[in-house]
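**Student:** Before we start, here is the structure in question, set down as structure tokens.
The values are calculated or read from the model by the stated rules, or taken from the named source; none is laboratory data. As the structure is a computational prediction, the values presented were derived from the model and not from experiment. Positions of Cβ are backbone-derived with ideal geometry, glycine not excepted, and every protein chain shown enters the neighbour counts.
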Amino acid sequence: MQGHQHEELNAFVPDEDDLFQVDEHFGLPKGTTYKTMCLLGEPTLLNEKLAALGIQLGDWGILPKDQRPQWRVLMQELSVGTQYWKDPDLLLVPEMKIENLKDFEDNMANQIMVIAPYWHHGWVFDDPAVDLVKEPFVSGVPEMIDDLVAEIPNARDGFRLLFSASPFPGYQRQLTWVREEMDGNWYHDEQTESDGWLCPAMFRYFDKAPPELFVKAEAKTS
């Protein structure tokens, strides 16, 4: 697994931090969790303890979105501050190692995210990892989805929607940013000459509106 060596990060660990409670709970050296999750540390040591909870950190100690519900439960049980419940990654990046983060940043830019839209008085989706329930698609996006799922049987019962800010193998559509409006953002699909507005829920997945979005719809696997 990739990540900074923990001994190189000692100078960046605060004297006190809520994540120290995770170290105490698992019998880890003080600062292990903070180094791994906030300073992009190598995750093997912490992963050994988290495996029983169904949590496995990726390279640079990144917490996968689909494992954040389990992480949140652990944080609540240990009374860790809410700033660490969802997305502790990258709270601090040590300047001494910033030149070594390019591969990490490239990997994050290429991250493919997945949601599972379904029909409930319109297209909606749930994502408990980011506290979204029956989040609706509106303003042109439902029509885009209709086009994407045209060849998927029973798509209204649910399908997988893959999306990324970078191209990935098999993507169906490339959406190009047009403008911001009412805290959301308009995107244009040149292939179908259609436009759709993505509401501010998009910022649960991106820090800022990507200049391009790449999407693919596929049938759910049983």
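**Student:** Given the criteria under 23 Å from D66 (Cβ atoms) and at pLDDT 95 or above, does P136 qualify?
**Tutor:** Considered against the rule, which asks whether it is under 23 Å from D66 (Cβ atoms) and at pLDDT 95 or above, P136 comes out as yes.
**Student:** Which numbered condition trips up F203, out of (1) at pLDDT 90 or above; (2) buried (at least 17 other Cβ atoms within 10 Å of the Cβ); (3) within 30 Å of Q2 (Cβ to Cβ)?
**Tutor:** Status for F203: all satisfied but (2).
**Student:** A further question on this structure: When the stretch 206-222 is examined, which residues are found to be exposed (fewer than 13 other Cβ atoms within 10 Å of the Cβ) and either outside any loop (DSSP other than H, G, I, E, B) or of a type in the set (D, E) (or both)? Walk me through it before giving the result.
**Tutor:** In the first step, residues of the stretch 206-222 are kept if they are exposed (fewer than 13 other Cβ atoms within 10 Å of the Cβ); the result is 207-208, 211, 221-222.
Correct list: D207 only.
**Student:** Does D103 qualify as being among the acidic types (D, E) and either at pLDDT below 85 or surrounded by 15 or more Cβ atoms within 10 Å (Cβ to Cβ) (or both)?
**Tutor:** Answer is yes for this residue.
**Student:** Here's a follow-up. Among the residues of the stretch 46-93, write down those that are out of contact with any Lys or Arg (no Cβ under 7 Å at 6 or more places or on another chain), at pLDDT below 80 and of a type in the set (K, R).
**Tutor:** Once the filter is applied, which keeps residues that are out of contact with any Lys or Arg (no Cβ under 7 Å at 6 or more places or on another chain), at pLDDT below 80 and of a type in the set (K, R), the stretch 46-93 yields only K65.
**Student:** Among the listed residues Q56, Q70, identify the single one that is surrounded by fewer than 17 Cβ atoms within 10 Å (Cβ to Cβ), farther than 24 Å from F203 by Cβ, in the same structural domain as A11 (by TED's automatic domain parsing) and within 18 Å of the chain's Cα centre (by Cα).
**Tutor:** Being surrounded by fewer than 17 Cβ atoms within 10 Å (Cβ to Cβ), farther than 24 Å from F203 by Cβ, in the same structural domain as A11 (by TED's automatic domain parsing) and within 18 Å of the chain's Cα centre (by Cα) holds for just one of Q56, Q70, which is Q56.
**Student:** Listed residues V22, V114; which is in contact with a strand residue (DSSP E or B) (Cβ under 9 Å, 6 or more places away or on another chain) and at pLDDT 75 or above?
**Tutor:** V114
**Student:** Select, from Y187, Y171, the only residue that is over 17 Å from the mean Cα position of the chain (by Cα), in the same structural domain as M144 (by TED's automatic domain parsing), under 24 Å from A129 (Cβ atoms) and modelled with pLDDT under 95.
**Tutor:** Y171
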